[in-house]
Amino acid sequence: MKKIAILGSTGSIGTQTLEIIRSNREELEVVALAANSNVTLLEAQIREFQPQIAVMWSAEAAAQLRVRLADCKTRVLQGMDGLLEIAVMPQAQVLVTAVVGMIGIRPTIEAIKAGKDIALANKETLVCAGHIIMPLARERGVSILPVDSEHSAIFQALNGEPADRISKILLTASGGPFRGWKRERLASVQVEDALKHPNWAMGRKITVDSSTLVNKGLEVMEAKWLFGVDLSQIQVVIHPQSIIHSMVEYMDGAVIAQLGVPDMKLPIQYALFYPDRRKMENNRVDFYQLGSMTFEEPDLETFYGLKLAFQALEKGGSMPTVYNAANERAVALFLERRIGYLQIPELIQRSMEQHAVVEHPGVEEILAAEQGVYDYIKGLV
């Protein structure tokens with residue numbers, strides 16, 4: 001019986017992870033759950049899966065949950081202290097990090113130190129702290145198992161091949177709802193438009209990120225750390241059908257791809273059962289119905305948020321943190337209808353231009369860089 005702890009259990013990845021566990025109860029067990037503020041959903045999850053520990057981020061939400069669960073044995077904790085207790089609890093073997101934001105970094109580090117394998121769905125962990133996470137994981141003999149569909153595809157295509165055999169990683173992107181648009185047309189984009197992804201069902205923030213291609217920029221940063229390749233070895237390919245989830249080109253010219261329908265449950269289940277595979281009752285690719293697949297070069301002038309990601313990664317140090325933090329704040333402002341769609345990459349660029357890079361930042365310096373960006377954007381908007 002593999003014992004699983006989930007940070008971010010009420011979000012999109014978290015709820016789908018619990019669906020996988022629900023279908024494999026004889027092999028997977030939930031020992032801890034953590035959520036931000038959705039008391040009602042977390043209560044329902046606790047009553048179904050009976051974890052030993054549950055965490056709410058806010059003290060008020062934790063207090064509400066304790067009252068509701070007075071008849072349950074689950075211990076209810078709060079805040080970062082609660083997340084860190086989950087991260088190191090002896091009963092957990094795999095930590096699923098599905099929280100959004102920087103709060104995922106410290107629990108991931110502590111879980112690695114405690115010898116837990118990480119099913120990684122928190123982008124900030126590698127975008128901002130890849131230089132800390134990956135060497136630590138190697139030192140402790142811990143597996144970092146990507147849950148993101150593109151990185152899971154690359155992980156599967158590599159299948160144990162050494163990094164020095166890789167010629168190129170081909171990271172696919174759907175292009176989002178505005179593929180083919182030019183900047184003039186994007187000026188009129190509203191929140192509702194940006195939330196209509198053509199292929200994937202995701203949370204609001206990541207759906208907007210997919211429309212700007214900033215999400216792909218973040219994935220480029222993650223890929224560099226996950227697979228130990230140079231920036232020059234990562235190429236983004238627009239693939240509107242989202243059937244090929246990513247590819248690896250080897251030094252002899254062979255290209256190996258992982259294909260499947262757009263469904264996050266497949267990479268989640270692969271991470272939970274790795275290195276084994278389990279049967280899954282999901283849709284299959286019907287190649288007769290599909291007919292054809294197409295590929296395009298990304299428009300880096302219109303969707304220059306992606307180009308900024310390459311620049312941030314090239315500068316290194318604390319700059320990827322600035323890129324991520326600026327995008328996080330800009331998307332929040334856009335969803336609140338306080339800025340226009342085209343101001344998202346503009347705020348990222350301005351934040352990067354004013355930042356003095358810190359080389360090899362520690363966790364506290366990463367958090368300080370994030371706060372500095374928030375303060376800077378608050379002064380602008």
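The values are calculated or read from the model by the stated rules, or taken from the named source; none is laboratory data. From a predicted model like this one, the values you see are computed outputs, not experimental measurements. Glycine also receives a Cβ, built like all others from the backbone with ideal geometry; neighbour counts cover every protein chain displayed.
Key figures
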{"read-out": "Unique residue being of a type outside the set (Asp, Glu) and either crowded, with 22+ Cβ neighbours inside 10 Å or in a helix (DSSP H, G or I) (or both) when the list is Val373, Val357", "value": "Val373"}
{"read-out": "Pairs where the first residue, in region 164-184, is in contact (Cβ under 8 Å) with a residue 40 or more places away in the chain and the second is among the basic types (Lys, Arg), C-beta under 7 Å, 6+ apart", "value": "Leu171/Lys216; Ala173/Lys216"}
{"read-out": "Region 110-124, residues that are at pLDDT below 95, surrounded by 24 or more Cβ atoms within 10 Å (Cβ to Cβ) and assigned to a helix (DSSP H, G or I)", "value": "Glu124"}
{"read-out": "Total residues in region 78-109, condition closer than 23 Å to Ser37 by Cβ, surrounded by fewer than 20 Cβ atoms within 10 Å (Cβ to Cβ) and at pLDDT 95 or above", "value": "7"}
{"read-out": "Unmet requirement for Lys182, which otherwise passes all of (1) surrounded by fewer than 24 Cβ atoms within 10 Å (Cβ to Cβ); (2) in contact with a Phe, Trp or Tyr (Cβ under 6 Å, 6 or more places away or on another chain); (3) modelled with pLDDT of 95 or more", "value": "(2)"}
{"read-out": "Glu365 of a type outside the set (S, T, N, Q), in a loop (DSSP other than H, G, I, E, B) and not assigned by TED's automatic domain parsing to the domain that holds Glu26", "value": "no"}
{"read-out": "Wholly enclosed helices (runs of 4 or more DSSP H) of region 133-241 bearing at least 2 residues under 16 Å from the mean Cα position of the chain (by Cα)", "value": "149-158, 204-212, 214-227"}
{"read-out": "Complete set of residues in region 58-110 that are free of Cβ contacts under 8 Å to residues at least 24 places away in the same chain and small (Gly, Ala, Ser)", "value": "Ser58, Ala59, Ala62, Ala63, Ala70"}
{"read-out": "Any hit, region 289-302, residues being at negative phi, in a helix (DSSP H, G or I) and either crowded, with 16+ Cβ neighbours inside 10 Å or among the aromatic types (Phe, Trp, Tyr) (or both)", "value": "no"}
